[in-house]
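The values are calculated or read from the model by the stated rules, or taken from the named source; none is laboratory data. Since this is a predicted model, take the numbers as computed values, not measurements. Neighbour counts run over all protein chains shown; Cβ positions are idealised from the backbone, glycine included. Areas reflect the complete protein model, heavy atoms only, side chains present, ligands, DNA and RNA absent. Shrake-Rupley method; radii C 1.70, N 1.55, O 1.52, S 1.80 Å.
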Amino acid sequence: GHLLGAPGTGNGEQLYECPMCSLTCTNIQILEEHVDLHLEERSFLEGGNIGDLELAQQLQTEEDERQRSEEEKREREEFKKLQRQYGLDNSGGFKQQFLRNMEREVDRGRMQPFEYHKRKADMMESLASGIDDGKTKTSGVIEALCKYYQNENKDVRRVWLSAGVDHFHSSLGDRGWGCGYRNFQMLLSSLLQNSFYNDCLRDTTLIPSIPKIQSMIEDAWREGFDPHGASHFNNRLHGSKAWIGACEIYSLLTSLRIKCQIIDFHKPTGPMGTHPRLFEWILHYYSTDNEGGAKVVCTSRPPIYLQHQGHSRTVVGIEEKKNKSLCLLLFDPGCSSQEMQKLLKQNNDGTGLKLLRKFLGSLKEKQYQIVAVDGVLSLEEKSDRCRASQVLTSEKIP
């Protein structure tokens, strides 16, 4: 038997532990009898090899149980994450987050109470009017780029730029979840400068605030757009911190009679997980009807909404280098106005462009979706698209 050195009852007795079940015996004879019983039992079970089989089954059952409970735990966590992502965890929306973040700034001594009250009043006014306060807006970047490229002669052979676009970034109220809404504001800022869209945007002549955009998407759902997507969000966005994506942007634009398409680049089309087809599509979008010989082409094309898992950005142009490689120019809602202002400086040496430039090797997410605007819909076309969205909204690029 196993000899245990520890005295048991304090009177110096030896204790003997069974090697098979850890029972402790005070007497070696008792232990031997006990172990014999184990051995008999085992040989009896092994008579038909049942022992091993039963043991294997038992172990398998335990393993299945463990996996199932881990799976359930993972699913619960995923669900919580999705609820957070869809802003459905009841922690409030833009307004609540804005106030909480400002209170935090005051607590840390980074904001004076009077500033807090002023900004709170401004926010309440912006929410009441449904108009964005413009505090995160930077205008004039596209014009500055136009100027910059006229004089750039190192490596850009040609460049195509969107019609003017204002940059908007996330504020204290939507930090962490507002990128889709901010990109919509960027796209809209461009459409509002284009008289071609005047008629559709009669009621939207000013850039809406994020809560207002949430209500506009809910209106599109009420009209019957994308019921499948709507049910994802329990048909409500307002007062939540819900992330939106390409489908919501599509529904919103279409409900405003703006003609657009979603295109799905659902897998890489180049080596090393790259997406050359995406780059070629965007080049084609800007260069069609804009073929002329000019090096810098300031097109009348609206920017493109670009979505990948967890983030979205706005494409505002594309460069073709002298070596024929392509480079996208992106506005990122995560980029601050302080950073964007740098692009407005007159003696721009192009270093600021690092913020905007994305080469083939820098877009390596598994999937991308774009929403591209290309005209105006008649009422009839709009209702056709509404009906179609009840089945499907995106076309796949093979």
What are the residue pairs meeting all of these: first residue in the range 269-285, first residue open to solvent by 20 Å² or more (accessible area, probe 1.4 Å), second residue at pLDDT 95 or above and β-branched (Val, Ile, Thr), Cβ atoms under 8 Å, and 6 or more apart or on different chains? 276/269; 277/269; 281/263; 281/370; 283/318
Can you spot a residue in the range 180-192 that is in the same structural domain as residue 314 (by the TED database) and more than 26 Å from residue 298 (Cβ to Cβ)? yes
If you go through 301, 257, the only one that is modelled with pLDDT of 95 or more, at positive phi and in contact with a strand residue (DSSP E or B) (Cβ under 9 Å, 6 or more places away or on another chain) is 257
Tally up the residues in the range 109-143 that are of a type in the set (A, V, I, L, M, F, W, C) and either surrounded by 15 or more Cβ atoms within 10 Å (Cβ to Cβ) or in a loop (DSSP other than H, G, I, E, B) (or both), please. 6
Is at least one residue of the range 292-309 surrounded by fewer than 20 Cβ atoms within 10 Å (Cβ to Cβ), touching a residue at least 12 places away in the same chain (Cβ under 8 Å), part of a loop (DSSP other than H, G, I, E, B) and under 22 Å from the mean Cα position of the chain (by Cα)? yes
Can you confirm whether residue 229 is over 20 Å from residue 207 (Cβ atoms), in the same structural domain as residue 368 (by the TED database), part of a helix (DSSP H, G or I) and not basic (Lys, Arg)? yes
Restricting attention to the range 215-223, does a residue exist that is surrounded by fewer than 16 Cβ atoms within 10 Å (Cβ to Cβ), part of a loop (DSSP other than H, G, I, E, B) and on the phi < 0 side of the Ramachandran plot? yes
crowded, with 17+ Cβ neighbours inside 10 Å and either touching a residue at least 60 places away in the same chain (Cβ under 8 Å) or outside any loop (DSSP other than H, G, I, E, B) (or both): which single residue out of 164, 180 fits that description? 180
